[in-house]
Each structure stands twice: as C-alpha cells, then as structure tokens.
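A short worksheet on the structure shown next.
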Amino acid sequence: MLNTLDEVLDDVRARLGRAAGDRQSPMHTPVVATADADARVMVLREFAPWTLRFHTDARAPKAAVVREMPRVGVLFYDKAEKVQIRVRGTARIECDGEIAQAAWEAGDNFARRCYLGDGPGTVRDRPSSGLPETVEGIEPTDAQLVPARANFAVLLVELHEIDWFTLAHTGHRRAQFDLDTGESRWATP
Ligand SMILES: Cc1cc2nc3c(=O)[nH]c(=O)nc-3n(C[C@H](O)[C@H](O)[C@H](O)COP(=O)(O)O)c2cc1C
C-alpha cells in the first residue's frame, strides 16, 4: 500500500518506465485517445519524465487530428495488479528532427516496412496489408525502404495531468497530480 503522494508519483514513474522498456508489461500497449473522441492501442516506445513517445504513420487519421487538436489522453491498465493510470497531455507529430530520425534508425527493416504501403485507412476492395507485393512476407532492403521514411513519424505526448487508481479489498485509492503546477491530492475513487 502506498501511503504518500510522493510514493504514488514514484510508482507512476516506475510503471511508465517499465511499460516502455518491457514488452511483457501490461502497460506496454496503452490506449491513446484523441480529441475527436477516437481511441486506439499503441506501443509505448519511450518514457522520459514526463514525455511519452509512440511511433506512427504520418498519414494516419490520428496524426491529422493531433495536428489540429493536440490535447490527448492515454490510458494504462495493469489487470493483475489492478492499477489504472490515466494521463492527459499535449501531443505533437514529428516526421523530421533528431527524435524521429533516431527512432527510425533504431528500428529494423521489418519494423520500417510498416511505413512502405498505403496510408492507414486506405479503402481496399479485398483484405489487404496495404504493402507492395514485392515486400509482402519478406524483409525489405534498405533501398526498398527509402520511400518509407517520409511516412514515419513519432507521436510525442508531453504530460500535464495524471490520475492514478488502484483497486484493493482494503479500500480503493486514487491520487491526482498536476505536473504543471506541482499540485497533488488524494481523491475518492
Ligand atoms: C497491439 C497493437 C499495437 C499497435 N501499435 C500501434 C503503434 O505503435 N502505432 C500505431 O500507429 N498504431 C498501432 N496500432 C494500430 C492502431 O491501434 C490503429 O488501428 C491504427 O494506428 C490506425 O489508427 P487511426 O485510424 O486512429 O490513425 C496497434 C494496434 C494493436 C492492436
């Protein structure tokens, strides 16, 4: 049982750090909600207090929404430990720049292949990965991947608010943090 707000904030920091670094973490694939009332699962790639990094396709509908309305929410849930972390932040899409370039270079060619096909949401008349037939089922070469780079983007979310909630027989607990003002408080669950 965590008894102080500082302990809870340390817990959030540790869980988000694990979520980014450990594929087995239940918080590795949070739900990212955009201001158009849409939400989707994404892989958390990095957490450096207090910014989240995700990878996405610059042509994806969510990228357009974020560019217009940057406020987002992200929901993390650990079923086994009965912990929910809800965060709100300001998001931005970056295709160029050091962060996006380093993220692109850190991936392998299978990961980069995702950005080689038609943009997410392109309507097809049959089931399709959207990938060119030449790379379907194979790892593309560096030369084949050249056009993919322009479609790759990082989604960076700078956090402003955190809501931490845990279920326990001894009593549920909830704490809230405003990272901009440094204010924090306990709340009823
Ligand atoms: C387990 C899982 C992980 C996913 N990871 C990502 C991801 O890291 N980035 C991403 O853009 N989409 C990811 N997706 C796909 C998104 O949930 C979504 O369907 C897609 O990005 C299109 O979203 P949009 O139409 O809202 O832009 C993932 C889906 C699942 C099921």
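The values are calculated or read from the model by the stated rules, or taken from the named source; none is laboratory data. Values in this document were obtained by computation on a predicted structure and should not be read as measured data. As a convention, Cβ positions derive from the backbone with ideal geometry for all residues, glycine included, and neighbour counts pool all protein chains shown. These area figures cover heavy atoms from the full protein model, side chains too; ligands, DNA and RNA do not enter into them. Shrake-Rupley method; radii C 1.70, N 1.55, O 1.52, S 1.80 Å.
Assorted remarks:
- Some residue of the range 143-158 being assigned to a loop (DSSP other than H, G, I, E, B) and either of a type in the set (Asp, Glu) or surrounded by 11 or more Cβ atoms within 10 Å (Cβ to Cβ) (or both): yes
- Helices (runs of 4 or more DSSP H) enclosed by the range 14-125 - at least 3 residues per element that are in contact with a Lys or Arg (Cβ under 9 Å, 6 or more places away or on another chain) and surrounded by 14 or more Cβ atoms within 10 Å (Cβ to Cβ): 98-106
- Entry remark, the range 162-186: residues being touching a strand residue (DSSP E or B) at 6+ places or on another chain (Cβ under 6 Å), open to solvent by 60 Å² or more (accessible area, probe 1.4 Å) and among the acidic types (Asp, Glu) number 1 in total.
- Restricted to the range 33-52, and to residues there that are within 10 Å of the ligand (Cβ to nearest atom) and among the charged types (D, E, K, R), the residue that is farthest from the chain's Cα centre (by Cα) is ASP36.
- Candidates LEU52, LEU44 - the one that is under 16 Å from VAL157 (Cβ atoms), of a type in the set (A, V, I, L, M) and without any contact (Cβ under 8 Å) to a residue 40 or more places away in the chain: LEU44
- Failed item in (1) closer than 26 Å to HIS28 by Cβ; (2) free of Cβ contacts under 8 Å to residues at least 24 places away in the same chain; (3) within 16 Å of the ligand (Cβ to nearest atom); (4) hydrophobic (A, V, I, L, M, F, W, C), with LEU75 passing the rest: (2)
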